[in-house]
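To keep things clear, I will list the structure first and then write my remarks on it.
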Amino acid sequence: MIYLLIFFQSVLFSKGLQISSELDTNNLYVGEVLRWSIKVEGHENINYKFPDLNIDNDSVKVKQIVSSENRNNKIEFEIISWEIGSFSTPSYFIEILDDNGGIDFTMISPPQEYTISSILSTLDDENFRPLKGPVPVRDVWPIKHLILFFLIVIIVYAIITVWKKREKKAYNKIDYKHIEDPKDRAFRRLEELSSSNFTKDFYTELSHIFREFIETKYYIRTLEMTTQEIKESRSLFPVEDSQFEELIIFLNLSDHVKYALQMPTKSEMELDKEKIKTIISNL
């Protein structure tokens, strides 16, 4: 085979036909494009054909960039290599045609050597820093803090709810600077009380005036106490025995009227009103 190839080349050379192969560079990096050109020179009456050549695998890619139908005497390829090392261009056979267009013989292009290097080889080790592990990122609100926060909120809400439920009565704030004197208030209400009212209503109001006076003057909760409870709480009242006895007599009378056990006349109603005025004046 080698003998025949040399023979063919010598015949072509004798006819003045030669093939040249050329690279635009012999050294490049992985992934860079290498331009490879093949040119036929010699006798113009000899017909030849550039076959298609396309290689694409994991290590190299050869792509034809000039169509084989082009009648120019030159064909070009792009070579991209994905491996480092020294390589040569692939074998490429040019078909020499006879007068009938058939293949008379083929000629192989001279191989060209080139070297593929890694771009990392041009960098010093000092340019690379050691890999570091993942940096832990702290949560803005760790889970345990969130749980503690919600527990505090629930506890505070529960305390407020229970406190509101335990409130039985809302008390208005009293401005003691403008509060009316207990005795003046009692006298004013007695003047407004008329004996023309129904007897039960009259004694109910009269009893309330008297109880309110005792409560506001001596801070004894007589408005909430029954007559019997007041009688049993004698030690709380800083009054003479005779005054306390009059107080009990009046309260018993009011109770009798309220329960329809006794019905005073108009004159008796006015008399009882005056008695209350006298008792309040003396306290």
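Yes or no, residue by residue, for (1) surrounded by 10 or more Cβ atoms within 10 Å (Cβ to Cβ); (2) among the basic types (Lys, Arg); (3) modelled with pLDDT of 85 or more:
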residue: ILE84; (1), (2), (3): yes, no, yes
residue: TYR114; (1), (2), (3): yes, no, yes
residue: LEU120; (1), (2), (3): yes, no, no
residue: ASP124; (1), (2), (3): no, no, no
Scope segment 260-283; condition in a loop (DSSP other than H, G, I, E, B) and either free of Cβ contacts under 8 Å to residues at least 24 places away in the same chain or of a type in the set (S, T, N, Q) (or both); matching residues = LEU261, GLN262, THR265
task = List every residue pair whose Cβ atoms sit under 6 Å apart, with the two residues 6 or more apart in sequence or on different chains, where the first one lies in segment 221-249 and is closer than 14 Å to ILE280 by Cα and the second, anywhere, is among the charged types (D, E, K, R) and surrounded by 14 or more Cβ atoms within 10 Å (Cβ to Cβ).
result = ILE248/LYS231
key: Leading residue by the ranking (surrounded by the fewest Cβ atoms within 10 Å (Cβ to Cβ)) among those in segment 190-223 that are under 60 Å from the mean Cα position of the chain (by Cα) and assigned to a helix (DSSP H, G or I)   = LEU223
message = Tell me whether segment 158-179 contains one or more residues that are of a type in the set (A, V, I, L, M, F, W, C), modelled with pLDDT of 85 or more, in contact with a Ser or Thr (Cβ under 6 Å, 6 or more places away or on another chain) and surrounded by 10 or more Cβ atoms within 10 Å (Cβ to Cβ).
response = no
ask   = Residues of segment 19-50 being at pLDDT 80 or above, more than 16 Å from GLU78 (Cβ to Cβ) and surrounded by 13 or more Cβ atoms within 10 Å (Cβ to Cβ), which ones?
value = ILE19, LYS39, VAL40, LYS49
task = Considering only segment 73-85, state which residues are more than 17 Å from ASP56 (Cα to Cα) and over 58 Å from the mean Cα position of the chain (by Cα).
result = ASN73, LYS74, ILE75
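The values are calculated or read from the model by the stated rules, or taken from the named source; none is laboratory data. Because the structure is a prediction, the values reported are computed rather than measured. When we count neighbours, we look across all protein chains shown, and the Cβ atoms used for this are built from the backbone with ideal geometry, even at glycine.
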